[in-house]
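Trainee: Before I ask anything, let me first share the structure, which is written out below as structure tokens.
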Amino acid sequence: MSGGPGKTNLIVPLTGATVEAMLAGFRAAASAGADMVEFRLDSLQKVDRAGLRALLEDPPLPVIATCRPVRQGGRFDGPEPDRLGILSAAAELGADYVDVEDDVPEPQGPRGRVILSHHDFSGRPADLEAIVDRLERSEAEVAKVAFAAAGPEDAVAACGILRRAAKPAIVLAMGEHGVMSRILAGKFGAFGTFAALAEGAGSAPGQLTIDEMKRLYRWDATGAATAVYGVIGCPVAHSMSPAIHNAAFAETGIDAVYVPLRIEPGPESFHRFLDAVRASPWLDLRGLSVTIPHKENALSAVGPANVDELSRRIGAVNTVRLDAEGHLAGWNTDYAAATDALCEAMGISRPRLAGRAVAVLGAGGAARAIVAALAHYGADVTVYNRTVARGEKLAAEFGARALGRDALADLSAEIVVNCTSVGMHPHVDDSPLPVRALRGVGVVFDTVYNPVETRLLREARQAGCRTVSGVDMFVNQAAGQFEIWTGRPAPRELMRQVVLDQLKGR
Ligand code: NAP
């Protein structure tokens, strides 16, 4: 078996062009908390015995020596005997492991503790199991397979191989779609997983930094029993949800980790992932956040019978809970999040929205959830949208009125909710509403959360209106998800702080 949970090595690849740069990287990796480093000798401008001796003299951490040839995605383009000579010398001089590609005939390979590796940059090999079998039957101490992922189901496959591995193994689904296989390597007892020293310093696509692995993805707290949650979307790389939910799990002492799951648009890719999850109960996937463009796919996957009535009418689900038997249930926490943000600011309960005049700007996905909720609680809703026909369609569905944007000058409402993207970073000088239209308005709610105070909110505040920021809605929807998944109160203040910190860092 592999190292076992908690013993999986966090390996930092060092890709310096000089021995000095590699040694500086080595020291930085040790102080960042790495367990092991990989010298990518193929990235050195020049490799000689003196350089290898300098690298391997008194190392602060165990070392893997790798000299990847161009044919396997590396940079070494010299003769093969020279390359194998470099690896043999590294082994002789004290490298703990040497990485040898599985296309090297065994008698020619260097002696020492070998990591036998197979790479496929074109996708998940059809004969993956056979490849793994072959690597495991070899004399090598560690089997390593890395392949390009097309969807997170490939990361599920990588985790499945790890948990069945008969000898220490590294199995990685490369690229953004496969990130989960890197984060969950410890849960499934891998020999190791790779993490870059800094952004842009990685040696393979999809590699996270050691700081992200440790601080964002709870590396040191992840073990065999850790539950898995994630966010499905496309794009998903800049989602704030991993930071919010991982911080909330850490704060409340819940043994769980939350990962990004990039799924390409379309119901087929969504269902492919869910099928893989259902066939893999050992993954311990317990919950999903769902964002653009998959909220409608999530509703169809969960099944209309397994969502509440309002979510069904909205036609979109942003929260999925899975039980150990693979049963799914879905919610739309967006509408509740928006309604509560508004009601909290106004100091009223939801039923007291009845009869209030609300102007909703926009008719997209966010507007749909909010119009449905406001209409449900009896508010008198008017939708103003750039594309009038789209506004009319939405309004007709929920018993609201629809007008064009030119009618905004004569707006008469107690509450204004902006559900357009107007005013969102980087177009922070735009506003969806002329200042004069704010006359007589009591409350302005902007669902845009970046920036925290949009131009609309600033002008509304200056005009004496009460204001509600999109941050409130964002925190509410995340807190709602946390409570659905865990049955425990969400640490809302912490979640808000994480959102504000994330926005400040952008
Ligand atoms: P969407 O489905 O693409 O809808 C965008 C809406 O904005 C449409 O009504 C569109 O009008 C309108 N619009 C876009 N550009 C415009 C412009 N230049 N002038 C006038 N109208 C314009 O997007 P969505 O998912 O509903 O998201 C909308 C906003 O809601 C996002 O910007 C996001 O910040 C916010 N949001 C916030 C949260 C939160 O938790 N705080 C959650 C979800 C969304 P047409 O129909 O004419 O194209």
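Trainee: Output needed for the range 57-122: three equivalent-ellipsoid semi-axes, defined as square roots of 5 times the C-alpha gyration tensor eigenvalues, in descending order, whole Å.
Mentor: Equivalent ellipsoid of the range 57-122: 20, 13, 12 Å, largest first.
Trainee: So how strong a dipole does the chain carry about its Cα centre when Lys and Arg Cβ are +1 and Asp and Glu Cβ are -1, to the nearest 20 debye?
Mentor: Roughly 1340 debye for the chain.
Trainee: For ARG390 and ILE348, calculate 0.36 nm times their separation in residues minus their Cα-Cα distance, and state this gained length in nm to one decimal.
Mentor: 12.0 nm
Trainee: Right, another one. At what distance in nm do the modelled label points of GLU325 and GLU139 sit from each other, each positioned 7 Å from its Cα along Cα→Cβ?
Mentor: With each label point 7 Å from Cα toward Cβ, the separation is 5.2 nm.
Trainee: Let me ask something else. Testing the spin-label approximation: label points 7 Å from Cα along Cα→Cβ at ARG75 and ALA21. State their distance in nm.
Mentor: For ARG75 paired with ALA21, the spin-label model returns 0.6 nm.
Trainee: Heavy-atom accessible area per residue, the chain, 1.4 Å probe: how many Å²?
Mentor: Result: 41 Å² of accessible area for each residue.
Trainee: Measure off 7 Å from each Cα along the Cα-to-Cβ vector at ASP103 and HIS271, then give the distance between these two points in nanometres to one decimal.
Mentor: Result for the modelled spin labels: 3.7 nm.
Trainee: Between ALA30 and ASP410, what's the calculated FRET efficiency when r is the beta-carbon distance and R0 is 51 Å? Round to 0.05.
Mentor: Taking R0 as 51 Å, the efficiency between ALA30 and ASP410 is 0.15.
Trainee: Only residues of the range 47-72 count here: report those whose backbone N is under 15 Å from the spot 7 Å along Cα→Cβ of ARG113, or say none.
Mentor: 59-66
Trainee: Roughly what % of DSSP beta bridges within the chain run antiparallel, to the nearest 5?
Mentor: 10
Trainee: Choose one of TYR384, ASN332, VAL416: the residue whose Cα lies farthest towards the positive end of the charge dipole of the range 324-422 (beta-carbon charges +1 Lys, Arg; -1 Asp, Glu; about the Cα centre).
Mentor: TYR384
Trainee: Follow-up. For the range 331-418, build the convex hull from the C-alpha positions and give me its volume per residue in Å³.
Mentor: 82
Trainee: Would you compute, from DSSP H runs of 4+ residues alone, the mean residue ellipticity of the chain at 222 nm, taking -39500 (n - 2.57) per run and dividing by the full residue count, rounded to the nearest 500?
Mentor: Values: 16 runs with 174 residues, N = 506.
Only helices count here, giving -10500 deg cm²/dmol.
Trainee: Now for a different question. Please give the FRET efficiency for ALA166 paired with ASP308, using the beta carbon to beta carbon distance and R0 = 51 Å, rounded to the nearest 0.05.
Mentor: Efficiency computed from Cβ-Cβ geometry: 0.65.
Trainee: Jot down the per residue volume, in cubic angstrom and as a whole number, of the convex hull over the alpha-carbon atoms of the range 1-135.
Mentor: Details: hull volume 17.0 nm³, N = 135.
Per-residue hull volume (Cα only) is 126 Å³.
Trainee: Hey, got a sec? Which GluC sites (Glu not before Pro) in the range 1-83 land in a DSSP loop and have at most 13 other Cβ atoms within 10 Å? Walk me through the numbers on the way to the answer.
Mentor: Values: sites: GLU20, GLU38, GLU57; in loops: GLU57.
Sparse-neighbourhood loop GluC sites (Glu not before Pro): GLU57.
Trainee: If you don't mind, there's one more thing I want to ask. When the Karplus curve 6.51 cos²θ - 1.76 cosθ + 1.60 is applied with θ = phi - 60°, which whole-Hz ³J(HN,Hα) does each residue of the range 471-488 get, with x for Gly and Pro?
Mentor: 4, 4, 5, 4, 5, 4, 5, 5, 5, x, 5, 4, 6, 5, 6, 9, x, 10
Trainee: Report in % the part of the accessible area of the chain that belongs to carbon and sulfur, leaving out ligands and nucleic acids; probe 1.4 Å.
Mentor: Details: 10320 of 20550 Å².
Here it works out to 50 percent.
Trainee: Compute for the chain: radius of gyration divided by Kirkwood radius, i.e. Rg/Rh, restricted to C-alpha atoms, rounded to two decimals. Could you put the intermediate results ahead of the total?
Mentor: Details: Rg = 26.7 Å, Rh = 25.0 Å.
That ratio equals 1.07.
Trainee: A follow-up question, please. Under a cut-off of 18 Å between alpha-carbon atoms, report the lysines in cross-link reach of LYS167, not counting same-chain residues fewer than 8 places apart.
Mentor: Qualifying lysines at Cα under 18 Å: LYS7, LYS144, LYS187.
Trainee: Put +1 on the Cβ of each Lys and Arg and -1 on the Cβ of each Asp and Glu in the range 11-167; which of LEU162, ILE131, PHE26 then has its Cα farthest toward the positive end of the dipole?
Mentor: Result: PHE26, furthest along the dipole toward the positive end.
Trainee: Using the alpha-carbon centroid of each, what span in Å lies between the range 112-168 and the range 425-458?
Mentor: Going from one Cα centre to the other spans 52 Å.
Trainee: How are the alpha carbon pair distances in the range 146-189 distributed across 5 Å bins from zero to the largest one, expressed in percent?
Mentor: Per 5 Å bin, starting at 0, the Cα pair percentages come out as 6, 31, 36, 19, 7, 1.
Trainee: Okay, next question. State the percent of C-alpha pairs, over all pairs in the range 9-223, separated by a distance greater than 24 angstrom. Intermediate results must be reported in sequence, preceding the final value.
Mentor: Working: 8562 of 23005 pairs.
Across the range 9-223, Cα pairs with separations above 24 Å total 37 percent.
The values are calculated or read from the model by the stated rules, or taken from the named source; none is laboratory data. The shown structure was predicted, so the numbers you read here are calculated from the model rather than taken from an experiment. Using ideal geometry, Cβ is built from the backbone for each residue, glycine included, and neighbour counts are taken over all protein chains shown. When the accessible area is computed, the model is the full protein with side chains, heavy atoms only, and any ligands, DNA or RNA have been set aside. Shrake-Rupley method; radii C 1.70, N 1.55, O 1.52, S 1.80 Å.
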